[in-house]
Amino acid sequence: ELREGVTFEDVLVAFKERLTIDHEFEIAIKVCMAVAFSTDIKSQPIWAYLMGPAGIGKTELLTSMVGSARCVFRSTVTPKCLVSGFRGEGDKDPSLIPRLKGKTFVAKDFTEVLSLPDVQQKEIYSTLRGAYDGYVDKTFGNGMERHYKDCQFAMLAGVTTAILKHRESAMGERFLKLRLSAPSAGISS
């Protein structure tokens with residue numbers, strides 16, 4: 001959990017108490033913290049893929065951010081969770097996009113998006129492109145309209161190298177990619 005007043009050295013000690021980490025994983029910790037704290041800077045949002053094979057430690061690193069007031073963590077991403085056409089209780093908007101403003105969206109396994117039907121993938125990418133640019137506008141068949149302005153947020157997403165072959169890697173200009181190497185590197189318990 002990221003807390004105010006905690007230094008990078010404090011975070012590193014906490015990881016080392018639980019795991020044996022290498023230099024590459026230490027860099028990944030620095031990148032994740034930098035993205036989470038980048039929301040304090042008024043600029044284009046920073047989005048980063050933590051890319052690597054299963055077992056490299058992406059999930060361990062990303063789940064360490066659960067509970068941080070700076071982050072909103074989700075294990076999966078769907079079009080309907082990003083922008084919902086559902087009328088919540090008391091007309092409360094259940095959509096995720098407005099709750100992300102000024103925070104860091106942590107998506108544990110963005111690789112799952114690659115296995116969704118094509119139409120859902122396109123909807124997710126379209127919504128994310130709009131959010132990156134600061135404006136999402138969506139109308140649903142039930143007449144519900146959602147309009148979000150200045151809805152920018154930072155993003156960290158765990159993903160395998162399958163993203164490199166994916167046609168929607170056109171999102172790449174928005175994502176930094178930190179490639180973690182073989183499972184023998186990274187972490188061990």
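The values are calculated or read from the model by the stated rules, or taken from the named source; none is laboratory data. In this text, all values refer to a predicted model and were calculated from it rather than measured experimentally. Neighbour counts run over all protein chains shown; Cβ positions are idealised from the backbone, glycine included. Protein only, heavy atoms only, side chains kept; ligands, DNA and RNA dropped before computing areas. Shrake-Rupley method; radii C 1.70, N 1.55, O 1.52, S 1.80 Å.
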- line: Only helices counted: for the chain, with every DSSP H run of 4 or more residues adding -39500 (n - 2.57) and the sum spread over all residues, [θ] at 222 nm is -8500 deg cm²/dmol
message: Compute a Gaussian network model of the chain, connecting alpha carbons closer than 10 Å, and tell me which residue from 165, 58, 108 fluctuates the most.
response: 165
- line: One would report the Cα pair-distance distribution of region 20-126, bin width 10 Å, in %, as 13, 40, 35, 11, 2
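With a 1.4 Å probe and all protein chains kept in place, how do 91, 22 rank by accessible area, largest first? Walk me through the numbers before you get to the answer.
On the way: 91 115, 22 45 Å².
Sorted by accessible area, descending: 91, 22.
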task: May I ask for log10 I(q)/I(0) of region 103-156 at q = 0.12, 0.14, 0.24, 0.26 Å⁻¹, from a Debye sum over the Cα atoms as equal point scatterers with solvent left out?
output: -0.33, -0.44, -1.06, -1.11
statement: Probe 1.4 Å, all chains present, heavy atoms only: residue 43 accessible area in Å², nearest 10, is 80 Å²
message: Students sometimes get this wrong: rank 145, 24, 89 by accessible area, probe 1.4 Å, all chains present, largest first.
response: 89, 145, 24
statement: Here region 100-112 yields Karplus 3J(HN,Hα) values (6.51, -1.76, 1.60; θ = phi - 60°; whole Hz; Gly and Pro given as x) of 8, 3, x, 10, 10, 7, 10, 9, 4, 9, 6, 4, 4
statement: Contour minus Cα-Cα span, residue 23 to residue 69, at 0.36 nm per residue, comes to 13.8 nm
message: Rg and Dmax in Å for region 6-64, alpha carbons only: what are they?
response: 12.2, 36
query: Label points 7 Å out from Cα along the Cβ direction at residue 162 and residue 12: separation in nm?
result: 3.5 nm
- request: Under a 10 Å cutoff between Cα atoms, tell me which one of 39, 104, 76 has the largest fluctuation in the Gaussian network model of the chain.
  value: 76
Accessible area in the full protein assembly, largest first, 1.4 Å probe, for 147, 166, 23: 23, 147, 166
field: Cα gyration tensor, region 50-105 - rounded (a/c under 1.5), prolate or oblate
entry: prolate
message: Please list, ordered by chain and number, the residues whose modelled amide H lies under 5 Å from the amide H of residue 176; skip anything fewer than 5 residues away on the same chain.
response: 47, 48, 49
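With the contact rule set at Cα under 8 Å and sequence spacing of 6 or more, what percent relative contact order holds for the chain? Before the final figure, lay out the partial values.
Details: 321 pairs, mean separation 65.8, N = 189.
Reported relative contact order: 35 percent.
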task: Over the Cα atoms of the chain, compute the convex hull volume and normalise it per residue, giving Å³.
output: 122 Å³
